[in-house]
Amino acid sequence: MPSLAIGITWVIVAAWFAVGEFVTYNSTSRDVGVYVQLLWNTPHGRPFWTTILESNRLHVAEHVALLLPALGPVFAVVPDVRWLLAAQQVVLALAGVPVYLLARRMLGGVWLPTLLVAGYFAMPA
């Protein structure tokens, strides 16, 4: 299925760039530092605690990220940000599935929906 190949290629390229930015200290996302600290602190008895936020120490004062308690134990075993960045790209790529399914239902066939998915993954964001 060509759309699946496009999605897998996008995941590989996007994960490569995300991890590359992180390991070369070129990431401009301050959130990465906040969430890494939260993921470390949560399974170590300080849930949602951070020292990086400017005005509060508990992340629940900003917004509640309920995935943190689920990811915390995994991060405690494998404390490497690279798998988190790759997993983020996989989840983002899964957004292409409903795009493809909707396009296939509305346009029919395989190639036009595949082109639409290719355009979706080619967006600059």
The distance between the Cα centres of region 1-61 and region 90-125, in whole Å, is 25
Sorted on mean Cβ neighbours within 10 Å (highest first), peptides 14-21, 69-76 come out as 14-21, 69-76
Contact order relative to length for the chain, counting C-alpha pairs under 8 Å separated by 6 or more residues, stands in percent at 31
Sorted on mean Cβ neighbours within 10 Å (highest first), peptides 48-58, 82-92 come out as 82-92, 48-58
Of the candidates Ser27, Val97, Leu68, the farthest towards the positive dipole end of the chain (Lys/Arg Cβ +1, Asp/Glu Cβ -1, centred on the Cα centre) is Val97
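Only Lys, Arg, Asp and Glu count, each charged at its Cβ (+1, +1, -1, -1), so figure out the dipole size of the chain about its Cα centre, rounded to 20 debye.
260
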Note to self: with every protein chain in place and a 1.4 Å probe, region 26-125 gives an accessible area per residue in Å² of 64
Cα-based Rg/(2.2 N^0.38 Å) for region 28-99, rounded to two decimals, is 1.17
Rounded to a whole number, the Stokes-Einstein D of the chain in µm²/s (Kirkwood radius over Cα pairs; 37 °C; 0.692 mPa s) is 199
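The values are calculated or read from the model by the stated rules, or taken from the named source; none is laboratory data. Being a predicted model, the structure only gives us computed values, none of them experimental. Ideal geometry is used to build each Cβ from the backbone, glycine not excepted, and the neighbour counts take in all protein chains shown. SASA here: full protein model, heavy atoms, side chains in, ligands and nucleic acids out. Shrake-Rupley method; radii C 1.70, N 1.55, O 1.52, S 1.80 Å.
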